[in-house]
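See below for the structure under consideration.
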2 protein chains.
Amino acid sequence: MSLLVVGTMAFDALETPFGKVDRVIGGSATYVAWSASYFTQPIRQVSIIGGDFPTTEIDALKKRGVTFEGVEVVKEGKSFFWSGRYHMDMNTRDSLITELNVLADFNPQLPESYQDCEFLMLGNLVPAIQMNVINQLRKRPKLIVLDTMNFWMETAMDDLKKAIGMVDVLLVNDSEARQLTGEYSLPKAAMKIQEMGPKFLIIKKGEHGALLFHDRSVFYAPALPLDEVFDPTGAGDTFAGGFMGHLAKTKDISFENMKTAIIYGSAMASFCVEKFGPQRLQELSEQDIQERMQSFVDLVNFDIDLVG
Amino acid sequence: MSLLVVGTMAFDALETPFGKVDRVIGGSATYVAWSASYFTQPIRQVSIIGGDFPTTEIDALKKRGVTFEGVEVVKEGKSFFWSGRYHMDMNTRDSLITELNVLADFNPQLPESYQDCEFLMLGNLVPAIQMNVINQLRKRPKLIVLDTMNFWMETAMDDLKKAIGMVDVLLVNDSEARQLTGEYSLPKAAMKIQEMGPKFLIIKKGEHGALLFHDRSVFYAPALPLDEVFDPTGAGDTFAGGFMGHLAKTKDISFENMKTAIIYGSAMASFCVEKFGPQRLQELSEQDIQERMQSFVDLVNFDIDLVG
């Protein structure tokens with residue numbers, strides 16, 4: 001009866017055209033959990049951290065209904081660290097430093113209390129670990145969503161294809177969908193990916209929105225044009241968190257409800273980029289979210305009378 | 001009581017990953033007229049052609065309600081010729097040959113019968129010529145739309161700014177909006193452009209759709225994800241033709257109706273790219289257009305109940 005989230009919890013150092021932070025909380029599971037917590041609780045977190053991960057951040061997440069039974073703490077170890085610099089267009093970035101630290105030995109063991117999970121969000125990780133988590137669940141969740149990236153296509157394609165074959169929804173960006181299938185046309189790439197296993201495909205296009213494919217149907221969710229994109233780090237994970245949070249809350253995994261879930265994901269992502277790290281996600285109200293959703297409705301709404 | 005279209009009528013040689021044509025009808029005014037003719041007639045065409053422009057093409061346009069009184073025919077001259085090659089992603093292209101021919105001496109004189117125009121579409125041309133046409137009209141049209149491109153920003157920025165200051169709607173792509181204003185954020189660019197004169201700004205983003213800005217309001221029109229983009233030539237002009245055609249038909253220039261007009265423009269553009277040149281635009285039925293519009297409704301439609 002809950003959402004299970006697997007991913008990294010980390011420190012990031014970020015440089016954008018708007019500023020610089022040396023050490024801010026990051027990691028895919030951190031963003032997913034913060035975002036999803038506005039829709040559903042509890043959230044069963046699976047990750048690994050070092051003794052350096054701040055207690056204040058853990059407590060803040062616990063207050064949002066995030067359980068830490070599945071988060072391994074390596075007291076003498078250091079948390080995963082990533083440092084990146086964004087270019088002026090905010091769509092491209094250079095990785096400056098990647099220190100795996102405790103993540104190098106990540107081998108998640110699901111606590112018994114996590115076996116009740118109905119929704120499983122596999123954040124971007126080694127495909128073998130993503131499969132390992134699926135295999136530990138005695139009862140298949142109602143919905144499994146897998147996020148991945150081009151790095152695994154280049155280094156672990158066989159494993160990645162196996163993992164993709166085990167899930168219901170694949171989450172990638174447009175260039176990754178093309179790389180995975182060898183098809184430039186996104187509708188064609190979507191057909192190929194559905195043949196690999198997932199019945200649903202979400203293609204994230206950053207400032208250009210997101211596409212949801214299912215059978216021959218397609219849904220286009222816009223991104224809100226923003227005055228300022230302060231820091232895009234975590235936007236994709238925040239999107240996934242809002243998407244999964246809405247589905248877990250409503251327990252409805254129809255194509256129609258996934259459309260709404262994608263708009264919630266897009267709304268959450270539009271908050272995420274307004275400040276460095278997950279900061280903006282830690283201070284939202286219900287009303288903030290409802291107002292942002294209204295902006296999305298206004299953004300795409302048009303009147304038309306079509307002759308039947 | 002009519003739509004006035006100013007632009008080029010030309011020959012194109014095109015090379016795409018799907019094939020090659022040595023000589024096909026092209027030009028901005030050709031695409032605009034074909035597209036708009038499904039919505040409104042007559043269309044007052046202003047252009048210049050050589051004696052080599054095929055009578056069959058002229059007759060086909062005349063059958064669609066396009067009047068040629070404003071099209072200068074230079075019997076001994078050759079029509080404007082452009083040759084281009086598209087890259088695999090279809091979003092970028094190289095110009096291989098540009099022969100201005102009769103276009104070099106284009107100095108349009110509006111026939112008296114054109115003075116009744118209510119809607120003026122200024123296709124991409126030398127800004128001085130665009131201004132010249134506006135100045136020849138004794139009564140200001142209900143709506144003036146100007147299309148332009150980065151080339152004029154680099155070679156005739158002063159004139160271009162003057163021309164932009166005289167129109168109601170500016171039509172550019174995202175990189176041109178950024179180049180024109182020095183703002184990376186599109187909402188900020190939109191504010192600056194509105195300060196330059198136009199109350200409306202349409203930003204074309206190709207496969208990523210289009211944005212309409214007015215005051216602080218924004219509307220996002222998606223592009224239909226297509227299995228094949230055969231030839232993108234003329235898609236922007238076809239979009240403009242559908243947009244203007246719907247407005248001229250309904251005579252309603254409100255922000256709300258412009259949203260619908262943009263969806264019509266997007267639908268027409270989605271046909272244009274299916275075959276080389278304007279070929280696909282010459283064979284559409286009312287039903288084709290209605291069905292395509294339904295695809296756009298389905299593409300963006302989602303259900304949501306918002307509190308408050």
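Evaluate the distance, in nm, between pseudo-label points positioned 7 Å from the Cα of B:Gln290 and of B:Glu256 along their respective Cα→Cβ axes.
My value for the distance between the label points is 2.3 nm.
Quick one: if the Förster radius is 25 Å, what FRET efficiency do B:Arg216 and A:Asp89 give, using the C-beta to C-beta distance and rounding to 0.05?
Result of the calculation: an efficiency of 0.60.
What is the sum of charges, Lys and Arg at +1 and Asp and Glu at -1, for the other residues whose Cβ falls under 15 Å from the Cβ of B:Gly241?
+4
Return the distance in nm (one decimal) between the two label points of a simple spin-label model at B:Ile97 and B:Ala156, each offset 7 Å from Cα along Cα→Cβ.
With each label placed 7 Å out from Cα toward Cβ, I get 2.4 nm.
DSSP loop (so not H, G, I, E, B), at most 10 other Cβ within 10 Å: list which trypsin sites (Lys or Arg not before Pro) in region A:142-192 pass both filters.
Sparse-neighbourhood loop trypsin sites (Lys or Arg not before Pro): none present.
Cβ under 15 Å from A:Phe39's Cβ, A:Phe39 left aside: what net charge do those residues give with Lys, Arg +1 and Asp, Glu -1?
So the environment of A:Phe39 carries a net charge of -1.
Among rounded, prolate and oblate, which fits region B:188-308 when a ≥ b ≥ c are the square roots of the eigenvalues of its C-alpha gyration tensor, a/c under 1.5 means rounded, and a/b larger than b/c means prolate?
It is prolate, given that a/c is not under 1.5 and a/b is the larger ratio.
Less than 20 Å from a label point 7 Å out along the Cα-to-Cβ axis of A:Asp303: which backbone N atoms in region B:204-219 qualify, by residue?
It comes to B:212-219, nothing else.
What does the helix-only formula give at 222 nm for the protein assembly as shown: each DSSP H stretch with n ≥ 4 adding -39500 (n - 2.57), the total divided by the residues, and the result rounded to the nearest 500 deg cm²/dmol?
Using -39500 (n - 2.57) per qualifying helix, the result is -11000 deg cm²/dmol.
Looking at chain A, which longest stretch skips every one of the GluC sites (Glu not before Pro) that is in a DSSP loop with at most 11 other Cβ atoms within 10 Å, leaving the sites themselves out?
For GluC sites (Glu not before Pro) (loop position, at most 11 other Cβ atoms within 10 Å), the longest site-free span of chain A is A:77-282.
Let a ≥ b ≥ c be the square roots of the eigenvalues of the Cα gyration tensor of region B:2-300; is it rounded (a/c under 1.5), or, if not, prolate (a/b larger than b/c) or oblate?
rounded
Specify whether the C-alpha gyration tensor of the protein assembly as shown places it in the rounded, prolate or oblate class, a ≥ b ≥ c being the square roots of the eigenvalues: rounded for a/c under 1.5, otherwise prolate if a/b is larger than b/c and oblate if not.
Prolate is the answer for the protein assembly as shown, as a/c is 1.5 or above and a/b outweighs b/c.
I'd like the distance separating the alpha-carbon centroids of region B:9-40 and region A:206-267, in whole Å.
37 Å
Could you derive backbone 3J(HN,Hα) for region B:266-281 from the dihedral phi with the Karplus parameters 6.51, -1.76 and 1.60 (θ = phi - 60°), listing whole Hz in sequence and x where the residue is Gly or Pro?
Once rounded to whole Hz, the list reads 5, 5, 5, 4, 5, 6, 3, 6, 6, 9, 5, x, x, 3, 5, 6.
Which residues among region B:52-70 fall inside the zone where the amide N is under 17 Å from a point 7 Å beyond the Cα of B:Gln109, along Cα→Cβ?
The answer is B:68-70, whose backbone nitrogens lie closer than 17 Å to the label point.
Please give me, ordered by residue number, the trypsin sites (Lys or Arg not before Pro) of region B:72-124 that lie in loop per DSSP and have at most 10 other Cβ atoms within 10 Å.
B:Lys75
5 Å is the cut-off here: which amide hydrogens, built 1.01 Å from N in the peptide plane, fall below it relative to A:Val66, excluding neighbours closer than 5 in sequence?
A:Ile43
Can you work out ³J(HN,Hα) from phi for every residue in region A:28-40, in order, using Karplus 6.51 cos²θ - 1.76 cosθ + 1.60 and θ = phi - 60°, giving whole Hz and x for Gly and Pro?
Whole-Hz 3J(HN,Hα) from phi for region A:28-40: 4, 5, 5, 5, 4, 5, 4, 5, 5, 5, 7, 10, 8.
Counting only residues 5 or more places away or on other chains, whose amide H sits under 5 Å from the amide H of B:Lys78 once H atoms are built in the peptide plane?
Result for B:Lys78 returns B:Val102.
Show me, for region A:80-85, the HN-Hα J-couplings you get by feeding each phi into the Karplus relation (A = 6.51, B = -1.76, C = 1.60, θ = phi - 60°), rounded to Hz, glycine and proline as x.
Here the 3J(HN,Hα) series is 3, 10, 10, 10, x, 10 Hz.
Every number in this text was worked out from the coordinates using simple rules, so none of it is lab data. No experiment lies behind these values; they were computed from the predicted model shown. Cβ sites come from the backbone with ideal geometry, for glycine too, and all protein chains shown count toward neighbours.
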